[in-house]
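Engineer: Structure provided below as structure tokens; questions to follow.
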Amino acid sequence: MVDEGAVRAVAVGRSSLLAAGITAVEGDFESGDVIEVVDAHGTVHARGVTGYSAEELPQMMGRSTAELADKLGPDYERAVVHTDDMARVRSV
């Protein structure tokens, strides 16, 4: 689940999904799985291949990529779902 800023960035701006915009994580998935990007109302805005597991994301939520690299190491300085690995299904 993502905030409104992330919805605009992903659905309208065609940007990658970053951890800073994630507000909740549901389900069980691994890095490389396809996940849905949904807003607070449960509307699906995109689907894409995640670079992180459901186990990793809670500690990352709301943090910038620079902060993640500083706190968790350089392997975490990347998008959760890169724009090239995402299909938009609804725009705002």
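The values are calculated or read from the model by the stated rules, or taken from the named source; none is laboratory data. Treat the numbers as computed from the prediction; the structure is a model and nothing was measured. Quick reminder, even Gly has a Cβ in these numbers, built from the backbone with ideal geometry, and neighbours come from all protein chains shown.
Engineer: Of the residues that make up the stretch 22-42, is at least one under 18 Å from Ala87 (Cβ atoms) and touching a residue at least 60 places away in the same chain (Cβ under 8 Å)?
Structural biologist: no
Engineer: Of everything in the stretch 29-79, what is part of a loop (DSSP other than H, G, I, E, B), among the small types (Gly, Ala, Ser) and touching a Lys or Arg at 6+ places or on another chain (Cβ under 9 Å)? Give them in sequence order. Can you show your working first?
Structural biologist: Start the filter on the stretch 29-79 by keeping residues that are part of a loop (DSSP other than H, G, I, E, B), which leaves 29-33, 39-43, 50-56, 60-64, 73, 77-79.
Filter once more, so that each one left must be among the small types (Gly, Ala, Ser): 31-32, 40, 42, 51, 53-54, 62, 64, 73, 79.
Answer for the stretch 29-79, where residues must be part of a loop (DSSP other than H, G, I, E, B), among the small types (Gly, Ala, Ser) and touching a Lys or Arg at 6+ places or on another chain (Cβ under 9 Å): just Gly51.
Engineer: Sticking with this structure for a sec: In the stretch 1-20, how many are closer than 18 Å to Asp85 by Cβ and either free of Cβ contacts under 8 Å to residues at least 24 places away in the same chain or part of a loop (DSSP other than H, G, I, E, B) (or both)?
Structural biologist: 6
Engineer: Now for a different question. Given the criterion surrounded by 13 or more Cβ atoms within 10 Å (Cβ to Cβ), of a type outside the set (Ser, Thr, Tyr) and more than 12 Å from the chain's Cα centre (by Cα), identify the matching residue among Ala79, Ala69.
Structural biologist: On the way: Ala79 fails: more than 12 Å from the chain's Cα centre (by Cα).
Matching residue, one of Ala79, Ala69: Ala69.
Engineer: Which one is nearest to Gly21 (Cα to Cα) among residues in the stretch 45-66 that are surrounded by 15 or more Cβ atoms within 10 Å (Cβ to Cβ) and aliphatic (A, V, I, L, M)? Walk me through how you get there before you give the answer.
Structural biologist: So the first thing to find is which residues in the stretch 45-66 are surrounded by 15 or more Cβ atoms within 10 Å (Cβ to Cβ), and the list is 45-52, 54, 56-57, 60-61, 63, 65.
This time we only want the ones that are aliphatic (A, V, I, L, M), so: 46, 49, 54, 57, 60-61.
Numbers: Ala46: 14, Val49: 17, Ala54: 15, Leu57: 11, Met60: 10, Met61: 7 Å.
Once the filter is applied, the top-ranked residue is Met61.
Engineer: Further question on the same structure: Take the stretch 11-28 and flag every residue that is modelled with pLDDT of 95 or more and under 13 Å from the mean Cα position of the chain (by Cα). So that I can check it myself, show each step before the final result.
Structural biologist: First, pick out the residues of the stretch 11-28 that are modelled with pLDDT of 95 or more: 15-28.
Within the stretch 11-28, Ser15, Ser16, Leu17, Leu18, Ala19, Ala20, Gly21, Ile22, Thr23, Ala24, Val25, Glu26 meet the criteria.
Engineer: Condition (residue is surrounded by 21 or more Cβ atoms within 10 Å (Cβ to Cβ) and over 18 Å from Glu77 (Cβ atoms)) applied to the stretch 27-44: is it met by at least one residue?
Structural biologist: So in the stretch 27-44, the residues surrounded by 21 or more Cβ atoms within 10 Å (Cβ to Cβ) come out as 35, 37.
Filter again for over 18 Å from Glu77 (Cβ atoms), leaving 35, 37.
There is at least one residue in the stretch 27-44 that is surrounded by 21 or more Cβ atoms within 10 Å (Cβ to Cβ) and over 18 Å from Glu77 (Cβ atoms).
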